[in-house]
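Shown next, in structure tokens, is the structure this report addresses.
The values are calculated or read from the model by the stated rules, or taken from the named source; none is laboratory data. Just so we're clear, the structure is a prediction, and the values are computed from it rather than from any experiment. Virtual Cβ from ideal backbone geometry, glycine too; neighbours counted across all protein chains shown.
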Amino acid sequence: MITELGHFALILAFVLAIIQTVVPLIGAQRRWPGWMALAEPAATAQFALTALAFGALVWAFVTSDFSLRVVVLNSHSAKPLLYKISGTWGNHEGSMLLWVLIVTLFGAMAAWFGGNLPPTLRARVLAVQAAIAVAFFAFILFTSNPFLRLAVPPFDGEDLNPLLQDPGLAFHPPFLYLGYVGLSMTFSFAVAALIEGRVDAAWGRWVRPWTLAAWVFLTIGIALGSWWAYYELGWGGFWFWDPVENASFMPWLLAAALLHSAIVVEKRESLKSWTILLAILAFGFSLIGTFIVRSGLLTSVHAFANDPERGVFVLAILAFFMGGALVLFTFRAGAMEAKGVFGLVSRESALLVNNLLLAVACFVVFVGTMWPLLAEMFFDRKLSVGPPFFNAAFTPFIVALGLFLPIGSAMPWKRARWGRVLRPLIPAMLLAIALFGLLFALQSGRSLLGPFGLALGAWLVMGTGIDLARRTGRGTGRWRRLARLPRAEWGKFTAHAGLGITIIGVAGLTAWSMDDIRVAQIDTPFTVGDYTLTLNGVAEVEGPNYLTSMADVTLAREGDEIARLRPEKRFYPVAQMPTTEAAIHQNLARDVYVVIGDAQGDRGWTLRTYIKPLTNWIWIGCALMALGGLLSLSDRRFRVAAGAQKQPVSPVAAE
């Protein structure tokens, strides 16, 4: 009964989304208040119905309702409760229902908190958001229905992919989807503004919170996925430039560019066309990511489905929304004249440079991701584009961004002088250069990557800190003024410093990591770097729904025991699949990462050991970037439509 109720609610939400797409658009065009007002209750009801459908699917997973095909394929009665719940979105059909739930959630939030938006703009934003929902409701109902029944239900299910039975992967997809789908709101605002022919400072203020929220969720989602790959897959890396990893990273880069570009629209009413284009492209790359994951066109360990028919449907959605928005942009872009005039050396120019670096970096990742497919289609050649290409092609743009970011942040609006901007930053420059020289000397002539990365990260942290301190002025009371700075300023400092700390972590791990693989004999110590490890034994243990070979490894340094590590090699009988559970001893300086392999003869086991310097700085930096976004989002000036009624509306094109 609950399943049928969920299915019926999904169909009703689909019908309601169609109505919400059509009626408010007509009302906004004809200036009919009643028709425009329909959008708000429709958005709320659409979200409630979709939440009911999603709740019904969660209930089916929790109660192990094996009459549903999707539950049979992705669950098992012996699975822990957490993974029964996460199994709801750990598959293609359920993840698409989560996707459309978040689409309707953002639409409902725009209805709830968009009271200060002009009625016509609000109606058009909600109508465009509903149109996106219509497309994905149709995709679910016609190609990926999660409520399909089986005529003869089996006694038990086939279990969830063991790699997904992990806390990190339980929360990674929801955060990632909140980011992906959050960019649909910026797309809706952009298309609504193009229909109205009006982009002004108030529009920039309205679109920024949605962009910031999407960027924060993407940051958390990407960090969780990277952290999971690091400790779960047993290879000791945090990023592999896999197509699906890239699919989430490209919208993150464009969302960061859009966030900074919207500042210029809000403060100076410049870069309007560019900001609108970024809003379209950011959501477009989210759809491209969905296409990559769902179509099976590119091989990835993260792919949800391998179904060309579904891929064609997603491609049609991508073509419709991206093509339609870009055609509309072509007709309206010429009318969006910039009002603010600024010099070559100014904060506006600095933010434009920031945008170009991020956009080109995104394009590099896109080319590297799609090139194997294009080479096979047009040149009949099978190519593989791996980490060496991305590291070589992508890194220079991030280095340039890191070098320029503290300087650009310190520039005033309209016009700046190099001397006045650079003079306060000289201490940070000197400290970064000194750090580079010291590290290069200490590492005895090894690669420049480590010293340079640490110096670049230190320059970012210190440079943004100096910029924050400058905003308190001089004289007594600086600490009080520092505490009273707007949260957006603290958010900017925290996010930029987080980027610097992440760069430090990536540089340290990449340049100075060590690894050792050997057949370890029980009770026979061996040395890796400064550490001594001893395999004490391997026990066979039974888990909730798996069997595991659990090693007991003593980690010591200079004769003193530091920790007992217990790496595992698990086997899931239902899925007939092994997994690796690394054991990691962590601190701020390094990780000692141990992985156990197969038994090798009498009393011998394959053991792989990694020493990973500064790894945890990566996750700390990501957490700080997300925290910086949340601090900025909590600033009352940047809430949705905050103060919008006080802003004059300046049309840039006749309707």
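Do any helices (runs of 4 or more DSSP H) lying entirely in segment 69-146 carry at least 3 residues that are of a type in the set (Gly, Ala, Ser) and touching a helix residue (DSSP H, G or I) at 6+ places or on another chain (Cβ under 7 Å), and which ones are they?
Output list reads 92-113, 119-143.
Residues being surrounded by 15 or more Cβ atoms within 10 Å (Cβ to Cβ) and closer than 22 Å to Thr609 by Cα: count how many of those fall in segment 537-551.
5
Results for (1) among the aromatic types (Phe, Trp, Tyr); (2) exposed (fewer than 13 other Cβ atoms within 10 Å of the Cβ); (3) under 28 Å from Pro251 (Cα atoms), shown as yes or no for each residue.
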site	(1), (2), (3)
Ala359	no, no, yes
Glu376	no, yes, yes
Leu405	no, no, yes
Lys414	no, no, no
Ala428	no, no, no
Leu448	no, no, no
Val461	no, no, yes
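Inside segment 50-94, can you point out the residues that are over 23 Å from the mean Cα position of the chain (by Cα), more than 18 Å from Val574 (Cα to Cα) and crowded, with 22+ Cβ neighbours inside 10 Å?
Of everything in segment 50-94, those that are over 23 Å from the mean Cα position of the chain (by Cα), more than 18 Å from Val574 (Cα to Cα) and crowded, with 22+ Cβ neighbours inside 10 Å turn out to be Thr50, Ala53, Ala56, Leu57, Ala60, Leu68.
I'm checking my understanding of the structure. Among residues of segment 96-145 that are surrounded by fewer than 22 Cβ atoms within 10 Å (Cβ to Cβ) and among the hydroxyl-bearing types (Ser, Thr, Tyr), which one is farthest from Arg208 (Cα to Cα)?
The selected residue is Thr143.
Only one residue in Ser300, Ser295, Ser261, Ser273 is surrounded by 23 or more Cβ atoms within 10 Å (Cβ to Cβ) and either modelled with pLDDT of 90 or more or touching a helix residue (DSSP H, G or I) at 6+ places or on another chain (Cβ under 9 Å) (or both), so which one is that?
Details: Ser300 fails: surrounded by 23 or more Cβ atoms within 10 Å (Cβ to Cβ); Ser295 fails: surrounded by 23 or more Cβ atoms within 10 Å (Cβ to Cβ); Ser273 fails: surrounded by 23 or more Cβ atoms within 10 Å (Cβ to Cβ).
Step by step, each of Ser300, Ser295, Ser261, Ser273 is checked, and only Ser261 is surrounded by 23 or more Cβ atoms within 10 Å (Cβ to Cβ) and either modelled with pLDDT of 90 or more or touching a helix residue (DSSP H, G or I) at 6+ places or on another chain (Cβ under 9 Å) (or both).
Out of the residues in segment 584-626 that are surrounded by fewer than 19 Cβ atoms within 10 Å (Cβ to Cβ) and aliphatic (A, V, I, L, M), state the one that is farthest from Leu499 (Cα to Cα).
Ala599
Applying the selection to segment 146-176, what residues are farther than 30 Å from Trp206 by Cβ and surrounded by 19 or more Cβ atoms within 10 Å (Cβ to Cβ)? Steps first, answer last, please.
Of segment 146-176, the ones farther than 30 Å from Trp206 by Cβ are 146-170.
Within segment 146-176, Pro146, Phe147, Gly157, Asp159, Leu160, Pro162, Leu163, Leu164, Gln165, Leu169, Ala170 qualify.
Which residues, counting only those in segment 430-446, are within 18 Å of Ala400 (Cα to Cα) and either surrounded by 14 or more Cβ atoms within 10 Å (Cβ to Cβ) or modelled with pLDDT under 90 (or both)?
Answer for segment 430-446, where residues must be within 18 Å of Ala400 (Cα to Cα) and either surrounded by 14 or more Cβ atoms within 10 Å (Cβ to Cβ) or modelled with pLDDT under 90 (or both): Ala432, Phe436.
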